[in-house]
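Note sheet for the following structure.
The values are calculated or read from the model by the stated rules, or taken from the named source; none is laboratory data. Since we're looking at a predicted model, the values are computed, not measured. Accessible surface is based on the protein model in full, side chains and every heavy atom, while ligands, DNA and RNA are left aside. Shrake-Rupley method; radii C 1.70, N 1.55, O 1.52, S 1.80 Å.
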Amino acid sequence: NSSAASDVYKRQKQKWLRKFEAMIKLMSLKEGEEVLDVGCASQIFRPYVEERGGIYKGLDISEGFQPDYVCDAEDMSIIEDNEFDWVVLSDILEHLPNPEKTIAEAYRIAKKVIAVVPNWYRLERFSFLPRHPGDRHIVRKNPQGWLDEFRKVGFEITHLRGFFYVPSIAFYPIRPLVAIDLLFRTRPFLMLDEFIDKHFSDIPLV
């Protein structure tokens, strides 16, 4: 029903806010640093950058979002080498056919990159599981696989952090599985999520 859908959306929005807060904390952004948000969409990350004195620029393939740069994330040749202090790759790499090209481009145009990719908590990360038709994730890698892609082009990994640990199986449109997924969103599981986030999120294995 609409009430249940609204509750799920609110929880999802809280997760997004936690993600952005974790990202900006890790960045330790300095005033005047320039940040390029690749796949910026509606530019939700902009206020987090600007509140800390950073200069925000958005890049997206769609002109509808009115980004500063309109181009494909896999080919950002319209941007000069080392033009930005930071490139943000938040929830975009898994949606690209060739994410390694975007990672290489980020290495070319920025001194530092912060990326967000799915962790093991999304059960469809396991490639042997069936893919739901509504799953827009093109590439499915485990966390180590993503780290390897960054190291390949020359990045040094300085920080690793999780921000959400409750399992998710919502992409499977089977009623019992959807019910289990909703169970994972109840208060006891969210309290467990908060406990792990507080005490274990900086451990690479987690």
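Show which lysines lie in cross-link reach of K111 when reach means a straight Cα distance below 23 angstrom and same-chain residues fewer than eight apart are skipped.
K19, K25, K30, K57, K101, K152
Got a number for the accessible area of T158? Probe 1.4 Å, square angstrom, nearest 10.
T158 exposes around 100 Å² with every protein chain in place.
Pull out the extension gain between L192 and N82, defined as 0.36 nm times the separation in residues minus the alpha carbon to alpha carbon distance; nm, one decimal. Let's see the in-between values first.
Details: separation 110, 0.36 × 110 = 39.60 nm, distance 4.13 nm.
Roughly 35.5 nm would be gained on extension.
From the phi angles alone, apply the Karplus equation (6.51, -1.76, 1.60; θ = phi - 60°) to the range 143-156 and give each ³J(HN,Hα) in whole Hz, x where the residue is Gly or Pro.
Calculated HN-Hα couplings, in order: x, 5, x, 5, 4, 4, 4, 5, 5, 4, 8, x, 5, 9 Hz.
Work out from phi, with θ = phi - 60° and the Karplus expression 6.51 cos²θ - 1.76 cosθ + 1.60, the ³J(HN,Hα) of each residue of the range 33-47, listed in order in whole Hz, and give x for Gly and Pro.
After applying 6.51 cos²θ - 1.76 cosθ + 1.60, I find 6, 9, 10, 9, 9, 7, x, 5, 6, 7, 6, 5, 7, 3, x Hz.
Which semi-axis lengths, in whole Å and largest first, follow from the square roots of five times the eigenvalues of the Cα gyration tensor of the range 17-67?
Result for the range 17-67: semi-axes of 19, 12, 8 Å.
Quick one: 3J(HN,Hα) in Hz for the range 54-67, Karplus 6.51/-1.76/1.60 with θ = phi - 60°, rounded, Gly and Pro as x.
Once θ is set to phi - 60°, the couplings for the range 54-67 become x, 9, 9, 10, x, 10, 7, 7, 9, 5, x, 8, 6, x Hz.
Taking amide H positions as placed in the peptide plane 1.01 Å from N, state which residues far from I55 in sequence (5 or more) or on other chains have amide H under 5 Å from it.
Long-range HN contacts for I55: G32, E33, E34, V35.
Out of residues 5 or more away from V113 or on other chains, whose amide H comes under 5 Å of its own, with H placed 1.01 Å from N in the peptide plane?
Residues meeting the criterion, in which the H sits 1.01 Å from N, are V87.
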